[in-house]
1. Residues of region 116-157: accessible area per residue at 1.4 Å, in Å²?
2. For LEU290 and LEU171, calculate 0.36 nm times their separation in residues minus their Cα-Cα distance, and state this gained length in nm to one decimal.
3. Determine the calculated [θ] at 222 nm for the chain from helices alone, applying -39500 (n - 2.57) to every DSSP H run no shorter than 4 residues and normalising by the residue count; nearest 500 deg cm²/dmol.
4. Checking the a/c ratio against 1.5 first, then a/b against b/c, what shape does the Cα gyration tensor give for region 336-413?
5. Of the options THR185, PRO378, GLY368, report the single residue whose Cα projects farthest towards the positive end of the charge dipole of the chain (beta-carbon charges: Lys, Arg +1; Asp, Glu -1).
6. Report, to the nearest whole %, how much of the accessible area of the chain belongs to carbon and sulfur atoms, 1.4 Å probe, protein only.
7. Residue by residue through region 82-97, which ³J(HN,Hα) values in whole Hz follow from phi under the Karplus form 6.51 cos²θ - 1.76 cosθ + 1.60 (θ = phi - 60°), with glycine and proline marked x?
8. Out of residues 5 or more away from ARG93 or on other chains, whose amide H comes under 5 Å of its own, with H placed 1.01 Å from N in the peptide plane?
Amino acid sequence: MARFYVTTPIYYVNDAPHIGHAYTTVIADAMARWHRLLGDETFFLTGTDEHGLKVQRAAEARGMTPKEWADVTAERFRDAWAQLAISNDDFIRTSEPRHHRAVQELLQRVYDNGHIELGTYEGLYCVACEAYYTPDELIDGELCPIHERPVERVKEDNWFFKLSRFQEPLLDWYAEHPGFVRPETKRNEALGFIRGGLEDFSISRSSITWGVPIPWDPSQVTYVWFDALVNYLTAIGFGEDDERFASWWPASHHIIGKDILRFHCVYWPAMLLAAGLEPPQDVTVHGFLLVGGEKMSKTRLNQIAPADLVEEFGVDGFRYHFLRDVPVGPDGDFSYERMVDRYNGDLANNFGNLLSRVATVVGKKCGGTGPAPRADSPLAPVAAEAYEAAARAWDEFAPSQALEATWRLVRETNALLEATEPWKMDPGPEVEAVLGDALEALRIVSVLASPAIPAASEEAWRRIGLPGSPSDQRLPAAAAWGGYPGGLPVTKGAPLFPRLTPSA
Ligand code: MSP
């Protein structure tokens, strides 16, 4: 059986969840849901990144231990994902003992292989990023490029990962795995970093206590990336359950934002090679979601919480917009107007309207019993093409295209109804033929759209009288034309997606 292991970055607990985090998480969720439909054994991981100076300082400021503070803040992510119907199989926190064990195991392997050495580090450090910058990366030579505030000069003895040794192995890896990073532009960016020369990087700190101790030198704790990235291994049993680990790794798929491309596409594969492990199967890199042309940040006060939008658009409306309107790859400017347009266009006027129209006419012309579709329906080839195109797009981690393809079937079905106007016909075989086709299209769309709009798909499924749930179906069989059996009670109900009038 095929296996699909998909991950989001683990989010810093210091930040409150915003629509940028939600964007990544919803993509990963839709991917996981699609693969469950395919019958793949699926494991979907998200979680929180809790160690480091920022959390330590924030906790101190509140008179709490870092763990107590992280317990509070990690909960905000759990709550946000529960609200967005995120179907993660595990939620990892880097403060958990299982993660400490995995980090130490990986460190020890890399150390034993001779790729970690002692050195002195002096550098320009942004506390907010928890990262060092080279002077040419800074704004005006002194400000962090992300936070636009001064960096600190930090000097200490600590452990270094010998990344410089991995230029050739990484270039070979990329050459042998052309699909390692998508899209192509981001792959080229990663290759650019590698070709530009790699510097060893510091992986420990003596100045911090909130972290995983270096196994052979407990006076230091592991520093950010050697801790955080390992979460992808921890959750599948690395160092604890070899069989389980081997069943999921390296067939793993990381979804990340472009801000952490270098860590996932350069550091991470090198760290794994250094430990004698294979790099993950692929990394999908999306752009930033901008608000008013700028990256969301606490300091700019331009963060939008998912809950603010869910209130107006509903969970499915929220999910659909980000999946459909923000293609994976380029940056996308968040636009409320576009969100309203998409909601009204695709969800209210197309999918929702199709369902209510069909239910109404079945009620009036067929006594509320849904007829079976025609084997030679003009919609049959449309459905087949929609499925093929959607499956290809999901396979390429392109939800926007997958939904576009799925909605072609919705639009063609509405067009068939408009062309034949069954509401004007007398009851009989002709009406039944068109409505049977429309019900069958609705059945297929409910399955194909369920990774994006799980609740509405389920409700549509129920209203056309089908037992179970679209999420329990198996593709490709469930997309084959002719699955709607007919003879089922079709019920009307409140609009699935009430039309929105944009608020001023
Ligand atoms: N903790 C690290 C990641 C460690 S992964 C081993 C981190 N955390 S973060 O909280 O800053 O989250 C970064 C991720 O959040 C981005 O890679 C991206 O997936 C998502 N986003 C945060 N802001 C975003 C936007 N404005 N737009 C799109 N996604 C963004 O980095």
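1. Per residue, region 116-157 has 57 Å² of solvent-accessible surface.
2. Numbers: separation 119, 0.36 × 119 = 42.84 nm, distance 3.22 nm.
Going from the current span to full extension adds 39.6 nm.
3. Working: 17 runs with 217 residues, N = 504.
Helix contribution divided over all residues of the chain: -13500 deg cm²/dmol.
4. oblate
5. Value: GLY368.
6. Ligands and nucleic acids excluded, carbon and sulfur give 50 percent.
7. Result, rounded to whole Hz: 5, 5, 8, 6, 6, 9, 4, 8, 8, 10, 9, 10, 5, 7, 6, x.
8. Those lying under 5 Å, H to H, from ARG93 are THR48.
The values are calculated or read from the model by the stated rules, or taken from the named source; none is laboratory data. Please read these numbers as outputs of a predicted model, since none were measured by experiment. In this analysis, Cβ positions are derived from the backbone assuming ideal geometry, glycine residues included, and neighbour counts consider all displayed protein chains. Just the protein is used for accessible areas: all its heavy atoms, side chains included, with ligands, DNA and RNA removed. Shrake-Rupley method; radii C 1.70, N 1.55, O 1.52, S 1.80 Å.
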